[in-house]
1. Looking at (1) under 23 Å from Ala207 (Cα atoms); (2) out of contact with any Phe, Trp or Tyr (no Cβ under 7 Å at 6 or more places or on another chain); (3) buried (at least 16 other Cβ atoms within 10 Å of the Cβ), which one does Ile114 not meet, given that it meets all the others?
2. Select, from Pro166, Pro203, Pro179, the only residue that is modelled with pLDDT of 95 or more and either open to solvent by 10 Å² or more (accessible area, probe 1.4 Å) or among the basic types (Lys, Arg) (or both).
3. From Ala254, Ala298, which residue is touching a Pro at 6+ places or on another chain (Cβ under 6 Å) and either outside any helix (DSSP H, G or I) or within 25 Å of Leu170 (Cβ to Cβ) (or both)?
4. Can you find, within the stretch 309-318, the residue that is most open to solvent (accessible area, probe 1.4 Å) among those that are within 25 Å of Val111 (Cβ to Cβ) and free of Cβ contacts under 8 Å to residues at least 12 places away in the same chain?
5. Can we say Arg242 is among the charged types (D, E, K, R) and open to solvent by less than 10 Å² (accessible area, probe 1.4 Å)?
6. Condition first: without any contact (Cβ under 8 Å) to a residue 40 or more places away in the chain, within 20 Å of Val195 (Cβ to Cβ), β-branched (Val, Ile, Thr) and touching a helix residue (DSSP H, G or I) at 6+ places or on another chain (Cβ under 9 Å). Can you find one or more residues in the stretch 252-264 that meet it?
7. Please state which one of Ala292, Ala298 is modelled with pLDDT of 95 or more, over 19 Å from Gly108 (Cβ atoms) and surrounded by 17 or more Cβ atoms within 10 Å (Cβ to Cβ).
8. Name the residue, out of Arg189, Arg132, Arg127, that is more than 19 Å from Arg255 (Cα to Cα), surrounded by 15 or more Cβ atoms within 10 Å (Cβ to Cβ) and basic (Lys, Arg).
Amino acid sequence: NLPMPSSAADVERGNSWLPPVAPPAAVDPGPKPTGGKRGGPRPTTTASNESRLSRLATKEQVWMHMCFTPEQFQGVSAALSVGFAAPGAVTIFLFLQLANLDSSVQSGPVVSGIVTLISSYSAFEIRYQWDRAFLRNKQDGQYYVKESGPPLADALRYTDWVITVPLLLLELVFMMEVPNSEKQSLIARLGGAAVIMVAAGFPGELAEGDRKTRWKWFGISCVPYMYLVFTLLLELGDATERQPSSTRGMFTAARYLTILSWMMYPAIYVAKCVGLQGSKAVVFEQIGYTAADIISKAVFGIVMFNIAMTRTNSIRGTD
């Protein structure tokens, strides 16, 4: 409690009767940030947000600094919905048509149906995670990531690929009329290379802001990728020439469809290595990968069904 004035003289002196107050202690501002050649932390600003994102090492750190416009959020949601519906519809179609195919060619559409089923489930699960991972700010209309962590599990998409990519190649080879020894050799070599290609790309995908690491794993993944492309072009090209004339053109279309759709994946993967960052990179990646999956799996499945149906008609003499 403050002391009260004890006399009229104290009142006349005003506040001089109060006890002296010590000056405020000086606050140590700490070491000043340094920059230039000597290094040290630099203050960040809104303008440098993209640069900050590129320096973050883990995917979770990057996600927690992002926000998405309504157009970006809805665009990814719509793409993932199509990524679920298109392969799902092809799966239903393929299994319903099995009864119309000769038993000797049913294995191809069955494998294709499994591939599209896995792809459909993967897109559905990613869409489910995407919708539940954001909160919409009513003031600015932006979508912000919840504090629970990154909204998408990249392991899910790569788990899809490590199963479906070898199956696609197995299906293509299995449907060709080539000696069994050649089939077994192709299936073993192409399947093994496909697994290595997908597995090598996953560590780079996790290194969201580390371009050097991403480039390294991209280069490693490109080795089996180039082997697969050249095998599809050359070795399977020779096998295609030995197919009946009724299916030769469709096998050629299936090979080139696979190669062209596979060219989309490395282009999307490398986009983050050359400067595309933040929410734009996520939208480009999710829509791009979904489109590539639809082409390489759903459309490919329809081509393989046409091959199976053509061979069925040939076997039954109903050309």
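The values are calculated or read from the model by the stated rules, or taken from the named source; none is laboratory data. Model, not experiment: these values are computed from the prediction. Every residue, glycine as well, gets a Cβ built from its backbone with ideal geometry; the counts of neighbours run over all protein chains shown. Side chains included, ligands, DNA and RNA excluded: accessible areas come from the protein's heavy atoms. Shrake-Rupley method; radii C 1.70, N 1.55, O 1.52, S 1.80 Å.
1. (1)
2. Answer to the selection: Pro166.
3. Ala298
4. Per the criteria, the residue is Thr318.
5. When the stated conditions are applied, Arg242 does not pass them.
6. yes
7. None of the other options fit; the residue is Ala292.
8. Selected residue: Arg127, the only one of Arg189, Arg132, Arg127 that is more than 19 Å from Arg255 (Cα to Cα), surrounded by 15 or more Cβ atoms within 10 Å (Cβ to Cβ) and basic (Lys, Arg).
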